[in-house]
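One structure is given below, encoded as structure tokens.
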Amino acid sequence: MRQNYQPLNFFPIQCYEFRCDRFLLDSTLGLLLNLEYKSFNEPTGVLTSADIQGREIFSPLMSWFQECVDTLHVDTGLNCDRLVVNKAWANKSVAGSGHHHDAHRHPMSYYSGIFYLTQGAPTIFIDPLFQREWGSFYLDGKVNSELAYHGGAGGLLLFPSYMIHASAPNTEDVDRYSVAFNTFPSGDINLGGHGLPMARVKTEGWKDLGPLSLDEYARD
Ligand SMILES: [Fe+2]
């Protein structure tokens, strides 16, 4: 089913903000509180769960993620059968710990998502065209190439996976919980001459979703 969203202009890059209902937020947060976490990220500190996309208890969350991706798929005219939410994991940053996640991107994904379940430190995005600041008239040397964003509890941000981002140190008095995910195309990709696709792939992911039902996602 089609999901509502708000386009956000980050630098020159369009990102998309969705919002889930209260029940999904509360029930998912309850599940995250009981997950097992380890410190995989650099620098150590931020805690990460194992993959959650295949776990039945997360089905409602994964369905919603997929519906948000499907909505963008239709609206932006992606040339593939399906963009599948193929990997998702939870992150926890303890209140007042100052833990953060260094700048990184999500290679081999198309859109990535960050679903915020609590308040806490913002995500920092880096302008992919940061060099243009060198030609601007900042006399104090300040370079305006970073942007801090937090979607609030229940907010989901979808952004192109090539965007470099980090999480700021969590100095707030709240455990910061989020779920991140990646997407990968599946089925026929980029139809070329004679109606033949450039590639045909089978993507493991949330479910074997099959072709997208355009009618279900068409704009009103
Ligand atoms: Fe990330």
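The values are calculated or read from the model by the stated rules, or taken from the named source; none is laboratory data. As the structure is a computational prediction, the values presented were derived from the model and not from experiment. Cβ atoms come from the backbone with ideal geometry, glycine included; neighbour counts cover every protein chain shown.
Scanning region 56-79 for residues that are surrounded by 15 or more Cβ atoms within 10 Å (Cβ to Cβ) and hydrophobic (A, V, I, L, M, F, W, C) returns PHE58, LEU61, MET62, TRP64, PHE65, CYS68, VAL69, LEU72, VAL74, LEU78. Among the conditions (1) part of a strand (DSSP E or B); (2) within 28 Å of PRO197 (Cβ to Cβ), the only one that ILE124 does not satisfy is (2).
Across region 123-138, the number of residues qualifying as at pLDDT 95 or above and either loosely packed, with under 11 Cβ neighbours inside 10 Å or under 25 Å from GLN53 (Cβ atoms) (or both) comes to 2. Counting residues in region 69-84 that are of a type in the set (A, V, I, L, M) and in a strand (DSSP E or B) gives one or more. Evaluating SER27 against the criteria (1) over 16 Å from the mean Cα position of the chain (by Cα); (2) assigned to a loop (DSSP other than H, G, I, E, B); (3) at pLDDT 95 or above leaves one unmet condition, (2). Of all the numbered requirements in (1) touching a Phe, Trp or Tyr at 6+ places or on another chain (Cβ under 8 Å); (2) crowded, with 22+ Cβ neighbours inside 10 Å, ARG82 misses one, and that requirement is (1). Checking ARG132 against (1) out of contact with any Leu (no Cβ under 9 Å at 6 or more places or on another chain); (2) assigned to a loop (DSSP other than H, G, I, E, B); (3) over 30 Å from GLY210 (Cβ atoms); (4) not hydrophobic (A, V, I, L, M, F, W, C): exactly one of these is not met. Which one? Just one mismatch for ARG132, condition (2).
Any chance region 147-167 includes a residue that's of a type in the set (A, V, I, L, M) and over 29 Å from LEU47 (Cβ atoms)? Full working, then the answer.
Kept after step one, since they are of a type in the set (A, V, I, L, M), are these residues of region 147-167: 147-148, 153, 156-158, 163-164, 166.
The next check asks that each one be over 29 Å from LEU47 (Cβ atoms); those that pass are none.
Looking for residues that are of a type in the set (A, V, I, L, M) and over 29 Å from LEU47 (Cβ atoms), one finds none in region 147-167, hence no.
Considering the conditions (1) closer than 19 Å to TYR162 by Cβ; (2) within 13 Å of the ligand (Cβ to nearest atom); (3) surrounded by 15 or more Cβ atoms within 10 Å (Cβ to Cβ), PRO107 is excluded by exactly one of them, (3). Of all the residues in region 164-198, those that are within 16 Å of the ligand (Cβ to nearest atom), crowded, with 20+ Cβ neighbours inside 10 Å and within 24 Å of HIS73 (Cβ to Cβ) number 7. Looking at this structure, is THR171 within 20 Å of LEU31 (Cα to Cα), among the polar types (S, T, N, Q), in contact (Cβ under 8 Å) with a residue 24 or more places away in the chain and part of a loop (DSSP other than H, G, I, E, B)? Judged against the criteria, THR171 is not a match.
Please determine whether any residue of region 91-103 is within 16 Å of the ligand (Cβ to nearest atom) and small (Gly, Ala, Ser). Step through it out loud before you land on a result.
Going through region 91-103, the residues within 16 Å of the ligand (Cβ to nearest atom) turn out to be 91-93, 99-103.
Narrowing further to those that are small (Gly, Ala, Ser): 93, 103.
Yes, region 91-103 contains a residue that is within 16 Å of the ligand (Cβ to nearest atom) and small (Gly, Ala, Ser).
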